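Heads up, the thing below is written out as structure tokens.
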Amino acid sequence: MTPDPTDVNRRLDAALAGVAAAFRGMAAHRRETNCECHWGSAEELALLKTPDVPLDEDLLRRTYWTTDWRYPGPLLRRILPPVTRRLAAGEVEPLSGMDPLSRLFVMGRWLDWPAAQRDAVREFLDAWWQHTLVDPGAKVPAHEALAFVAEVTGQLAPWLNTWAQLLAGPTARRMLAAAADEWMSDLLGDRLPWSSWRDEEDTPCLALSMWVLRHAPPALREHDASGELCDLVRLLALPHADRWGGRG
């Protein structure tokens, strides 16, 4: 049974509250520095070193866009409550924001944090992913959210499994049809269709291709996808060298 969007959104709200509670009182490392010419002022850096003071949108964005912090773990913990709210609201741009933000998660080594903090982050990711696939009003397309959650956790299969389980619902199917269209050029070239901060892209690329080949055709038919796109999905079943034989 597909979860009710109201219940899913309650879970997301609770997860956001959990992040806010788990990271209350966090501050950037007292020795953290950055270039005043390219990042921002000493006064702004001082705000990051002060727990719980509000951060304006521009400061927050510049902070998670920047990838050369000396102490990324404390910095990420400091900004997590507003960052997760903005992710859920679709206010983190996919190319200019999500790529460096996912890198900050990786560099911040959040999987090594204390259990309460780690669990709060994981519950947010799980709740946000479910919201993306169930709520027709979700602000972030599933293909963008998948790239983010896969990168920050270093796993792809659990997120694809959840998506497959929710394909009984119309939002998850619509998202799959849109994702297949976005992904096909890269998948047919045996490339992961997002920038990865992690090594060994070949295995997740193959896993994603096989998942699309298995699950996408019914969603494409339902949403009147072009015959060309349906044909391209079928080509994923062939070895790379055989995919273009006989095509004009």
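The values are calculated or read from the model by the stated rules, or taken from the named source; none is laboratory data. Just so it is clear, the model here is predicted, and its values are computed rather than measured. As a convention, Cβ positions derive from the backbone with ideal geometry for all residues, glycine included, and neighbour counts pool all protein chains shown. Surface accessibility is based on the protein's heavy atoms, side chains included, excluding ligands, DNA and RNA. Shrake-Rupley method; radii C 1.70, N 1.55, O 1.52, S 1.80 Å.
Structure notes:
- Against the conditions (1) in a helix (DSSP H, G or I); (2) modelled with pLDDT under 95; (3) open to solvent by less than 50 Å² (accessible area, probe 1.4 Å); (4) not charged (D, E, K, R), LEU95 satisfies every one except (3).
- Scanning segment 225-242 for residues that are open to solvent by 30 Å² or more (accessible area, probe 1.4 Å) and farther than 21 Å from TRP163 by Cβ returns SER226, GLY227, GLU228, ASP231, LEU238, PRO239, HIS240, ALA241, ASP242.
- ASP224 closer than 30 Å to ASP4 by Cβ, at pLDDT below 95 and of a type outside the set (A, V, I, L, M, F, W, C): yes
- Options ARG61, ARG85; residue that is open to solvent by 30 Å² or more (accessible area, probe 1.4 Å), in a helix (DSSP H, G or I), at pLDDT 95 or above and not aliphatic (A, V, I, L, M): ARG85
- Failed condition for LEU187, given (1) buried (at least 18 other Cβ atoms within 10 Å of the Cβ); (2) out of contact with any Cys (no Cβ under 9 Å at 6 or more places or on another chain): (2)
- Yes/no for PRO193 being within 14 Å of ALA147 (Cα to Cα) and either at pLDDT below 95 or out of contact with any helix residue (DSSP H, G or I) (no Cβ under 7 Å at 6 or more places or on another chain) (or both): yes
- Residue, farthest from the chain's Cα centre (by Cα), within segment 5-16, restricted to residues that are open to solvent by less than 60 Å² (accessible area, probe 1.4 Å) and hydrophobic (A, V, I, L, M, F, W, C): VAL8
- Pick from segment 143-162, criterion within 19 Å of ARG103 (Cα to Cα) and small (Gly, Ala, Ser), ranking: most open to solvent (accessible area, probe 1.4 Å): GLY154
- Of all residue pairs spaced 6 or more apart or on separate chains, those with beta-carbon atoms under 6 Å, a first member in segment 1-17 that is over 13 Å from GLY137 (Cα atoms) and among the hydroxyl-bearing types (Ser, Thr, Tyr) and a second member that is assigned to a loop (DSSP other than H, G, I, E, B) and open to solvent by 60 Å² or more (accessible area, probe 1.4 Å) are THR2/ALA168.
- Scan segment 48-94 for residues that are touching a Ser or Thr at 6+ places or on another chain (Cβ under 8 Å) and over 20 Å from ALA145 (Cα atoms) and the total you get is 4.
- Residues located in segment 109-122, provided they are among the hydrophobic types (A, V, I, L, M, F, W, C) and open to solvent by less than 40 Å² (accessible area, probe 1.4 Å): TRP110, TRP113, ALA120, VAL121
- Screening CYS205 against (1) open to solvent by less than 40 Å² (accessible area, probe 1.4 Å); (2) at pLDDT 95 or above leaves a single unmet condition, (2).
- Within segment 28-58, considering residues that are open to solvent by less than 30 Å² (accessible area, probe 1.4 Å) and of a type in the set (A, V, I, L, M), the one farthest from the chain's Cα centre (by Cα): LEU45
Residues are listed down the side, and each one gets a yes or a no for (1) more than 20 Å from VAL8 (Cα to Cα); (2) touching a helix residue (DSSP H, G or I) at 6+ places or on another chain (Cβ under 9 Å); (3) open to solvent by 30 Å² or more (accessible area, probe 1.4 Å); (4) of a type in the set (Phe, Trp, Tyr):
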| residue | (1), (2), (3), (4) |
| --- | --- |
| ASP68 | yes, no, yes, no |
| GLY73 | yes, yes, no, no |
| ALA89 | no, no, yes, no |
| MET107 | yes, yes, yes, no |
| PHE124 | no, yes, no, yes |
| HIS131 | no, yes, no, no |
